[in-house]
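Everything on this sheet refers to the single structure shown next.
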Amino acid sequence: MAGRPGTPFEEVLPNVERSQQILAQRSLIAVVADVAPIGRGHCLVVPNRHELSVMQLTSLERRQLADSAYAASRAISAAFGGPVLMFEHGQCHHRSGDQDPCGIDHAHLHVVESDEFAWQRITTAFKFKPHPGVNALCAVENEHSGYLFVEVPNVRAAVSFHPNPPSQVLRRLVARRDSTSGILWNWKDMVLLSEVASLGTQIMETIALFRDSSAFQAHLSDPFKLDPAIEPTPRLEEIS
């Protein structure tokens, strides 16, 4: 597997020295530890084939990505007991410079432990509408150049179509536990600070979490079959 040239995925996935960051490798997707975690268990579910967003994946790719994301969310929830959030800052056209929303033009879905107020922070910052879930993201519903997607696995999901969302806005909103948290949300800044011991410790803890989760390992080692959890949930909550 290789990410699009110039992205962190190109550097991490073929690199033997960093291969431990690959938490799972499947026929169509990979699960990797985020190099700049904003919460415990922070990982990315990434398609092997290059596309800009989950919306642009094939239905089978999207189903395997959703299947793996739900497995990752269950592992995080089992380890820490707190809420888990999945989110994507999707784009549908190449952009550069100040228009680049996150600096990584390869589809990736974040899965991370969050706090109980993260959903509210995100869905009140932009105009969101309820959505069936990550497996139902498809390009035909997006007429804009970008979108924001967020899901509390198997509980509620929402999407906001936006022509040019602010850079890394979802990382910023998820990381903002409170006004004085001091949590770094900009992955570029965090990578520059990669020598900080706490950052490396968080990454190693994520690697250990998924390595030691027998349910996660067993789920991903089985031949791919649809998990009932990826079906659109009817328990969507209205957004006030």
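Highest mean first, the peptides 21-31, 126-136 sorted by other C-beta atoms within 10 Å per residue fall in the order 21-31, 126-136. Rounded to the nearest 10 square angstrom, THR201 shows an accessible area of 70 square angstrom against a 1.4 Å probe. Heavy-atom accessible surface of the stretch 20-99, averaged per residue, reaches 32 Å², computed with a 1.4 Å probe.
Shape descriptor for the stretch 33-78: Rg over Rh equals 1.00 (Cα atoms; Rh from the Kirkwood inverse mean 1/r).
The values are calculated or read from the model by the stated rules, or taken from the named source; none is laboratory data. Given the structure is predicted, the values throughout are model-derived calculations rather than measurements. Every residue, glycine as well, gets a Cβ built from its backbone with ideal geometry; the counts of neighbours run over all protein chains shown. Side chains are part of the model used for accessible areas, which takes the heavy atoms of the whole protein and leaves out ligands, DNA and RNA. Shrake-Rupley method; radii C 1.70, N 1.55, O 1.52, S 1.80 Å.
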